[in-house]
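Chemist: Take a look at this one; I'll ask things after.
The values are calculated or read from the model by the stated rules, or taken from the named source; none is laboratory data. Since we're looking at a predicted model, the values are computed, not measured. Neighbour counts are summed over all protein chains in view; Cβ atoms, including those assigned to glycine, are modelled from backbone coordinates with ideal geometry.
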Amino acid sequence: MERRRRHEIEILARPTPRGCDRSAVTVHTLFAPLLAEESGLAQTIVRELLRWWNAEVEVCATAGQVLDLLKTAGPTQQPFDVLLASTSLPEMSGLELAAHIRTGCPAPPASIILLNPDSLDVRRC
């Protein structure tokens, strides 16, 4: 699996206001999120939303896939900027996954965001 690296890209979609230099464009950083979600529909929705921010999303359907992917990274690598994890994953909950990542992965994502389909679990997050 080829790892996508962060790089800067130019955004030219917006029209330039009159009198502005066309060469002065906004530069955004492409970030690398990892999505842990079992539902194909939710995967599609999140992937499309993140595409607006020029993110190339890596998707795992189970917590085990996430742990395997993160454990293959070396201690000096951080292949993903953020993990977006469902609280209702197969094998373990998103909260358990976050705990495993924080204690056992050599290169954990800088941030872990839990996606919660059930409002009753909000207190646990």
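Chemist: Have a look at PRO75, PRO33 and point out the one that is modelled with pLDDT of 90 or more and either among the hydrophobic types (A, V, I, L, M, F, W, C) or under 18 Å from ALA110 (Cα atoms) (or both). Spell out the reasoning first.
Modeler: Numbers: PRO75 fails: modelled with pLDDT of 90 or more.
Unique residue meeting the criteria: PRO33.
Chemist: What's the number of the only condition in (1) surrounded by 15 or more Cβ atoms within 10 Å (Cβ to Cβ); (2) modelled with pLDDT under 85; (3) under 22 Å from LEU41 (Cα atoms) that ASN54 fails to meet?
Modeler: Looking at each condition in turn, ASN54 falls short on (1).
Chemist: From the set of residues in segment 78-117 that are within 19 Å of GLY40 (Cβ to Cβ) and polar (S, T, N, Q), which is modelled with the lowest pLDDT?
Modeler: ASN116
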